[in-house]
1. Classify the range 38-130 as rounded, prolate or oblate from the Cα gyration tensor: take a ≥ b ≥ c as the square roots of its eigenvalues, call it rounded if a/c is under 1.5, otherwise prolate when a/b beats b/c and oblate if not.
2. Counting pairs of alpha carbon atoms under 8 Å apart in space and at least six apart in sequence, what relative contact order in percent does the chain give?
3. For the ranges 80-91, 118-129, 137-148, what's the packing order if you count other beta-carbon atoms within 10 Å of each residue, average per peptide, and put the highest first?
4. Does a label point 7 Å from the Cα of residue 113, set along Cα-to-beta-carbon, have any residues of the range 21-40 with amide nitrogen under 19 Å, and which are they?
5. Report, in listed order, any pair from 111/173; 115/180; 36/111; 29/137; 26/137 with a Cα-Cα distance greater than 27 Å.
6. Carbon and sulfur atoms: what percent of the 1.4 Å accessible area of the chain do they account for?
7. To the nearest 20 debye, what charge dipole does the chain have about its Cα centre, counting +1 at the Cβ of each Lys and Arg and -1 at the Cβ of each Asp and Glu?
8. Can you tell me how the range 82-179 classifies by the Cα gyration tensor, rounded, prolate or oblate, using a/c under 1.5 as the rounded cut?
Amino acid sequence: YRAMVPTPEKMLYQIAENQLGYFTAKQAKSAGYLSKNHTYHVKQSHWIREYRSIYRLANFPHTHEGEMVLWSLWSRNREDISEGVYSHETVLGLYDVSDAMPAKLHMTVPKNFRKSTGIPQVLILHRADLPPEDIIKKNGYSMTTPYRTIKDLITQKSTDEIILNQAIQEFRKRGLLTEKQLLRLVEEHPFLAKHFERRA
């Protein structure tokens, strides 16, 4: 019996399923689709072109979280590895821990990150080489941990203290910031001490 070789459709679906329906032109090629046929699949409404060389399977619904995957795919390097990690106010929104409503998506990229095509208007890029312990991997994208997020926001000094306090208290309530991490934050940034005097 010949081993069942998955069809390009099946292979592409498996790739896209883990990325909320999104995939890159490179991933389509790896699944067995010839580059010259990509336009055909868009015209036939099998695929929706979301950005340069990034598509979505038409039968996958467009969601807010899908947008996170889209820009994560945009941040791929030549080895096809996503380098962007959502951070700052965007993470507060993903956790729903404050009233911050940033109009753009904040993403941290490595210091040596380069893109020849320019930065999409929806993104604000921050440059830092994040250690693995500061990153949480989600379905098709990554974001900074609550601890790293608060540290970044304090360093950046552009977030309203009320928003910061709101986020810290909410992270704390949900057990996403440990007492040890809180103490470290207060040691580094004494102005935070007033937020923890009245214990919940």
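The values are calculated or read from the model by the stated rules, or taken from the named source; none is laboratory data. Keep in mind it's a predicted model, so treat the numbers as computed, not measured. Note that we place each Cβ from the backbone using ideal geometry, even for glycine, and neighbour counts take in every protein chain shown. The protein model used for the area step is the full one, side chains on, heavy atoms only, and it has no ligands, DNA or RNA in it. Shrake-Rupley method; radii C 1.70, N 1.55, O 1.52, S 1.80 Å.
1. Details: a/c = 2.54, a/b = 1.36, b/c = 1.86.
Judged from the Cα gyration tensor, the range 38-130 comes out oblate (a/c at least 1.5, b/c at or above a/b).
2. On the way: 228 pairs, mean separation 30.5, N = 200.
15 percent.
3. Details: 80-91: 21.5, 118-129: 13.2, 137-148: 19.9.
Sorting 80-91, 118-129, 137-148 by mean packing, highest first, produces 80-91, 137-148, 118-129.
4. So the set is 23-24.
5. Working: 111/173 34 Å; 115/180 38 Å; 36/111 35 Å; 29/137 25 Å; 26/137 22 Å.
Pairs exceeding 27 Å: 111/173; 115/180; 36/111.
6. On the way: 6270 of 11940 Å².
Heavy-atom surface of the chain belonging to carbon and sulfur, 1.4 Å probe: 53 percent.
7. On the way: 29 positive and 22 negative charges, 148 e Å.
Magnitude of the dipole: close to 720 debye.
8. Details: a/c = 1.92, a/b = 1.52, b/c = 1.26.
Prolate is the answer for the range 82-179, as a/c is 1.5 or above and a/b outweighs b/c.
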